[in-house]
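Peer 1: The structure follows.
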Amino acid sequence: MRSLLFVPGDSPRKLEKALGVGADALIIDLEDSVALSAKPAARECVREFLTRAKANPGRPLLVVRVNALDSGMIDADLDAIMPAAPDAIMLPKSRHGADVQHLSVKLAVREAENDLADGGTRILPIATETADAIFGLHSYAGSSARLIGLTWGAEDLAAALGAEANRLTEGTYADPYRLARALTLFAARSCDVEPIDTVFANFGDMAGLRAECEAARRDGFTGKMAIHPAQVAIINEVFSPAPEALEHARKVVAAFAANPDAGVLNLDGAMIDRPHLKQAEKLLKRVGPA
């Protein structure tokens with residue numbers, strides 16, 4: 001997943017339009033973008049949209065952001081949408097691996113009730129939206145086979161910390177949020193799932209978006225969430241491996257395949273070792289078969 005676009009769950013027009021913007025995944029929102037009074041109607045809207053969209057073979061991954069476990073609304077969310085079999089559930093305000101396990105149990109019950117494949121509904125937590133969640137990042141490893149990635153959030157975290165802002169005047173994140181971002185990357189890699197960077201809220205600043213995407217890719221993130229359709233093309237471009245990078249990765253894999261007992265090899269005049277092989281394999285796994 002390179003691009004994951006948030007779409008309000010109470011807007012049929014925006015949902016239909018989002019199918020054609022080129023995002024790898026749509027995050028259909030029942031949480032922050034939907035007013036409390038509008039949530040019952042939004043649930044029905046999302047279920048109807050999922051039913052229609054799943055019939056499209058070229059569709060993006062369909063992820064529904066439900067309300068938090070402690071909101072008192074998540075069961076109503078799941079009861080409404082699970083008959084339409086979303087591909088994944090985004091769990092906001094996730095504190096630790098036990099929250100993923102808790103959601104997994106809820107999903108297993110509803111999969112059985114709706115004759116869906118056991119374990120087929122995946123989970124993508126937002127893992128840094130509360131202060132205590134920072135201390136639970138290590139616990140996602142082994143929490144559930146449903147886990148497909150980890151992402152982080154800076155806006156809710158700023159509110160939880162009582163911060164005046166989460167970015168410095170030049171636009172970079174302040175230290176608490178840089179820490180949350182880095183720890184999410186470490187946690188995702190320790191789980192062997194995709195690390196997804198958070199949104200870039202200033203959707204009119206395309207140069208800033210590109211710079212933040214490039215920094216995220218450099219550090220090891222494989223994708224980024226978007227809040228506006230105009231952001232999707234840049235995110236897809238930056239997180240798509242360059243042809244020369246893919247060619248080099250294939251050469252690394254081929255070199256070790258030809259020399260399975262080697263620890264270090266010379267490739268085009270440069271030394272490569274087993275960490276280079278792991279990096280190449282991860283890159284090729286992202287794009288699939290040549």
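What follows is calculated from the coordinates using simple rules that are stated; it is not laboratory data. Keep in mind the model is a prediction, meaning the values are calculated, not measured. Ideal geometry is used to build each Cβ from the backbone, glycine not excepted, and the neighbour counts take in all protein chains shown.
Peer 1: Given the convex hull over the Cα atoms of the stretch 243-287, what projected area results after averaging over all orientations, in nm²?
Peer 2: On the way: hull surface 11.6 nm².
So the mean shadow area of the Cα hull is 2.9 nm².
Peer 1: Please turn the phi angles of the stretch 234-250 into ³J(HN,Hα) values with the Karplus equation 6.51 cos²θ - 1.76 cosθ + 1.60 (θ = phi - 60°), one per residue in order, whole Hz, x for glycine and proline.
Peer 2: 5, 4, 4, 4, 5, 8, 8, x, 5, x, 5, 5, 5, 4, 5, 4, 5
Peer 1: In the chain, what is the count of Lys pairs whose alpha carbons are under 27 Å apart, counting only pairs at least 8 residues apart or on separate chains?
Peer 2: The result is 22.
Peer 1: With the calculation restricted to Cα positions, what are the radius of gyration and Dmax of the chain in angstrom?
Peer 2: For the chain, the Cα-based Rg and Dmax read 19.8, 64 Å.
Peer 1: If you place +1 on the Cβ of every Lys and Arg, -1 on the Cβ of every Asp and Glu, and leave all else neutral, what size is the dipole of the stretch 1-103 about its Cα centre, to the nearest 20 Debye?
Peer 2: Details: 13 positive and 14 negative charges, 76 e Å.
Charge dipole of the stretch 1-103: 360 debye, to the nearest 20.
Peer 1: May I pose another question? Mind ranking 216-228, 268-280, 10-22 by how tightly packed they are, going by the mean number of other C-beta atoms within 10 angstrom, highest first?
Peer 2: Working: 216-228: 19.6, 268-280: 12.9, 10-22: 15.9.
Order by mean packing, descending: 216-228, 10-22, 268-280.
Peer 1: Using alpha-carbon pairs under 8 Å, 6+ residues apart, how would you state the relative contact order of the stretch 154-290 in percent? Working shown, then result.
Peer 2: Working: 114 pairs, mean separation 20.4, N = 137.
Reported relative contact order: 15 percent.
Peer 1: Right, something else. Once the other residues with Cβ under 13 Å from the Cβ of Val100 are scored (Lys, Arg +1; Asp, Glu -1), what is the net sum? It would help to have the intermediate numbers written out before the result.
Peer 2: Details: positive: Lys93, Arg95, Lys106, Arg122, Arg146; negative: Asp99.
Net of charged neighbours comes to +4.
Peer 1: Something else about it: Quote the FRET efficiency, to the nearest 0.05, computed for Asn259 versus Leu36 with a Förster distance R0 of 45 Å and r equal to the Cβ-Cβ distance.
Peer 2: 0.15
Peer 1: Starting from the Cα of Asp175, step 7 Å toward the Cβ, then list every residue of the stretch 143-159 with an amide N under 18 Å from that point.
Peer 2: Under 18 Å, as judged by backbone N against the label point of Asp175, lie 158 of the stretch 143-159.
Peer 1: While we're on this one: Quote the relative contact order of the stretch 3-239 in percent (integer), defining contacts as alpha-carbon pairs under 8 Å separated by 6+ residues.
Peer 2: On the way: 453 pairs, mean separation 41.2, N = 237.
Relative CO of the stretch 3-239 lands at 17 percent.
Peer 1: So how much slack lies between Ala215 and Asp192, counting 0.36 nm per residue of separation and subtracting their Cα-Cα distance, in nm?
Peer 2: Working: separation 23, 0.36 × 23 = 8.28 nm, distance 2.06 nm.
So the chain would gain 6.2 nm between Ala215 and Asp192.
Peer 1: Arrange Thr151, Thr121 by Cβ neighbour counts within 10 Å, fewest through most, would you?
Peer 2: Values: Thr151 27, Thr121 24.
Starting with the residue having the fewest Cβ neighbours, the order is Thr121, Thr151.
Peer 1: Also, I was wondering about something else. In nm, what is the difference between 0.36 nm times the number of residues separating Lys278 and Asn266 and their Cα-Cα distance?
Peer 2: On the way: separation 12, 0.36 × 12 = 4.32 nm, distance 1.62 nm.
Using 0.36 nm per residue and subtracting the Cα-Cα distance, I get 2.7 nm.
Peer 1: Something else about it: Run the dipole for the chain about the Cα centre, Lys and Arg Cβ at +1, Asp and Glu Cβ at -1, nothing else charged, and hand back the magnitude in debye, nearest 20.
Peer 2: On the way: 32 positive and 39 negative charges, 117 e Å.
Taking the Cα centre of the chain as origin, the dipole is about 560 debye.
Peer 1: Can you give the net charge of the other residues whose Cβ lies under 11 Å from the Cβ of Asp10, counting K and R as +1 and D and E as -1? Display every interim value, and only then the final one.
Peer 2: On the way: positive: Arg13, Lys14, Lys39, Arg43; negative: Asp29, Glu44.
It works out to a net charge of +2.
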